[in-house]
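So the structure is just underneath, and the comments pick up after that.
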Amino acid sequence: MTKPAQPQSVAADGTEHKHLPVLLVETIQALSISKKDGAYVDATFGRGGHCRAMLAELSDRGRVIALDRDPQAIAVAENLRIVEPRLQVFQARFAELDTVVASLGLTGAIQGVLMDVGVSSPQLDDPDRGFSFRHAGPLDMRMDPSQGVDAAQWLNSADEEVIANIIWRYGEERRSRRIAKAIVAARPLHTTEALAEVVAACVPRGNTKSAKHPATKTFQAVRIFINDELQELQRGVQAAFESLAVGGRLAVISFHSLEDRQVKQAFKALSQPPVLPRRLPVQNSQTVVPGRLVSGPIRAGQSELDSNPRARSATLRVIERVA
Ligand SMILES: C[S@@+](CC[C@H](N)C(=O)[O-])C[C@H]1O[C@@H](n2cnc3c(N)ncnc32)[C@H](O)[C@@H]1O
């Protein structure tokens, strides 16, 4: 396979947003797109880097069904669809993947699904989305700003203990209690800057050049909670696997240990026979496993790391449906 071109795209608002797709060559190889006329799903269109590379592998009769929950990503996908009839676009969450696939009559007939989870660079880089402590903006963090409560509404109303638990669980932040207390004392918070300042006052800044910003873990935790990311991932992996044809593959790229642990466990449950109590007779149907791990975890090589620091934390796992 030749190396796919790196995409640049123009969002609906006319701003040029770049997103370098991670592990692009590895992902396309892992999906093993051998059914050129088949239907594939890109559940995380983003700016379409992986999607374009998937389309490039297909014949005129193949298609990619693209999903994203973010309206800006969907606007870019709709623009691509104007010149790419093999693309179908749906604004949907992972948890709705099975419904979308069923609406097309393709349950059990999908040849490959990609989930490149987490946030895109355009989401992080757009101050108005409120995802990053690096840009001053409203404290929002919703991937779909038309749904649910934003980060400010939640942080300004939740109990201190609930906030502490979320920062602990989804940020693995040791100082979660101190940070939650400071957040409650500083309420109301309306901007990313305000939250970053409150957190920074509770967490000593590392003094090495590579040290992370003190608010990194708290921002990650709030974002995961606001978008229900881990539950979405769990439901999405199940829905994606169930949509596959025998021989079809599911590739998931995750960006932090909480996500990767969840993918690893879900793949293990799909690819290993359940451990049954010794006394019970084992029936054949109980030893049939529906999946086969295609490889161990795949990580970016040095040349990708040199050109795309975001790839540092990316892990690709792939499972194939065998039954
Ligand atoms: C890392 S980016 C994907 C980038 C894409 N592969 C590319 O090459 O441009 C992740 C995308 O997944 C979307 N996303 C994250 N969680 C989602 C979910 N639960 N349901 C649907 N889309 C989701 C985000 O809105 C974001 O656009």
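Inside region 195-248, residues that are over 30 Å from Val294 (Cβ atoms), crowded, with 20+ Cβ neighbours inside 10 Å and in contact with a helix residue (DSSP H, G or I) (Cβ under 6 Å, 6 or more places away or on another chain) make up a count of 10. Mind checking whether some residue in region 255-263 is in a helix (DSSP H, G or I), hydrophobic (A, V, I, L, M, F, W, C), within 16 Å of the ligand (Cβ to nearest atom) and under 30 Å from Glu96 (Cα atoms)? Yes, region 255-263 has at least one match.
Listed here are the residues, each with its yes/no results for (1) closer than 29 Å to Arg292 by Cα; (2) surrounded by fewer than 22 Cβ atoms within 10 Å (Cβ to Cβ).
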| residue | (1), (2) |
| --- | --- |
| Gln88 | yes, yes |
| Leu114 | yes, no |
| Arg129 | no, no |
| Leu139 | no, no |
| Gly171 | no, no |
| Arg174 | no, yes |
| Ile183 | no, no |
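Residues that are in a helix (DSSP H, G or I), within 16 Å of the ligand (Cβ to nearest atom) and under 25 Å from Val252 (Cβ atoms) are absent from region 139-146. With respect to Thr192, is the statement that it is among the hydroxyl-bearing types (Ser, Thr, Tyr), surrounded by fewer than 18 Cβ atoms within 10 Å (Cβ to Cβ) and away from the ligand (no atom under 16 Å from the Cβ) true? Considered against the rule, which asks whether it is among the hydroxyl-bearing types (Ser, Thr, Tyr), surrounded by fewer than 18 Cβ atoms within 10 Å (Cβ to Cβ) and away from the ligand (no atom under 16 Å from the Cβ), Thr192 comes out as no. Residues that are within 7 Å of the ligand (Cβ to nearest atom) and farther than 15 Å from Ala251 by Cβ within region 46-74 comprise Arg47, Gly48, Asp68, Arg69, Asp70, Ala73, listed in sequence order. The set of residues in region 215-246 being closer than 20 Å to Glu173 by Cα and either of a type in the set (A, V, I, L, M, F, W, C) or more than 15 Å from the chain's Cα centre (by Cα) (or both) consists of Ala215, Thr216, Lys217, Thr218, Phe219, Ala221, Val222, Ile224, Phe225, Ile226, Leu230.
Residues that are on the phi < 0 side of the Ramachandran plot and in a loop (DSSP other than H, G, I, E, B) were ranked within region 116-127; the one that is surrounded by the fewest Cβ atoms within 10 Å (Cβ to Cβ) is Asp126.
In the set Ala102, Ala77, Ala95, Ala136, only one residue is out of contact with any Asp or Glu (no Cβ under 9 Å at 6 or more places or on another chain), of a type outside the set (Lys, Arg) and either at pLDDT 95 or above or not in a helix (DSSP H, G or I) (or both); that residue is Ala102. Scanning region 100-138 for residues that are farther than 21 Å from Trp154 by Cα and within 10 Å of the ligand (Cβ to nearest atom) yields a total of 7.
Taking every residue in region 26-40 that is under 9 Å from Gly112 (Cβ atoms) and pairing it with any residue that is of a type in the set (A, V, I, L, M) and in a helix (DSSP H, G or I), at least 6 positions away or on another chain, the pairs with Cβ-Cβ distances below 8 Å are Leu31/Met54; Ile33/Met54; Tyr40/Leu31; Tyr40/Met54.
The values are calculated or read from the model by the stated rules, or taken from the named source; none is laboratory data. As the structure is a prediction and not an experimental result, all values here were calculated from the model. Note that we place each Cβ from the backbone using ideal geometry, even for glycine, and neighbour counts take in every protein chain shown.
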